[in-house]
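Bear in mind that the values in this text are calculations on the coordinates, not laboratory data. Just so it is clear, the structure is predicted and the values come from calculations on it, not from any experiment. As a convention, Cβ positions derive from the backbone with ideal geometry for all residues, glycine included, and neighbour counts pool all protein chains shown.
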C-alpha cells in the first residue's frame, strides 16, 4: 500500500494535469526518496542526484519567481535537514519553495501561482 504522502502527491499531480494540461510536462516529480543499495546510491550521486530536492517542481516563471518547488509532507513526517537547506537555497535563487501537507493547500498554492 502506498504511503499517505505518496497518495497525496499522486492526487496533487492528477489535479494539476487536469487543471493545467497545457503545462503538464513542466510539472514533474523528483524521485529522490526510497532505499537503494550502496552501489546504486553512489551511481545516482555521480549522475547528479542531490539530497533534499523538492518532491515536485513546476518549471515555469510566475508571480515573480523562477519556478515553484513543493515538498510533500503528511502526518508526523518532517523535513530533513537536507530538505530545509535545499529549500533555503532554492528560495535564495529566486524560486518559490513551499511545504504542502494536504490537498487543499496544494490546490490553493498552485491556483494562485498559475493565475
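Quick notes on this one:
- Acute angle (nearest 10 degrees) that the helix 81-92 long axis makes with the longest principal axis of the chain, alpha-carbon atoms: 40
- On the beta carbon distance between residue 47 and residue 111, with R0 = 25 Å, the FRET formula returns roughly 0.15.
- Share, in percent, of DSSP beta bridges within the chain that are antiparallel, nearest 5: 60
- Max-minus-min Cα coordinates of the range 6-53 on each principal axis give 40, 21, 15 Å, with the largest extent listed first.
- Compared with the dominant Cα axis of the chain, that is its longest principal axis, helix 4-19 is turned about 40°.
- Whole-percent pair-distance distribution, where bins are 5 Å wide, for the alpha carbons of the range 4-114: 2, 11, 21, 24, 20, 13, 6, 2, 0
- Its DSSP H runs of at least 4 residues, each contributing -39,500 (n - 2.57), put the calculated 222 nm mean residue ellipticity of the chain at -13500 deg cm²/dmol, to the nearest 500.
- Rounded to 10°, Cα long-axis angle of helix 103-114 versus longest principal axis of the chain: 70
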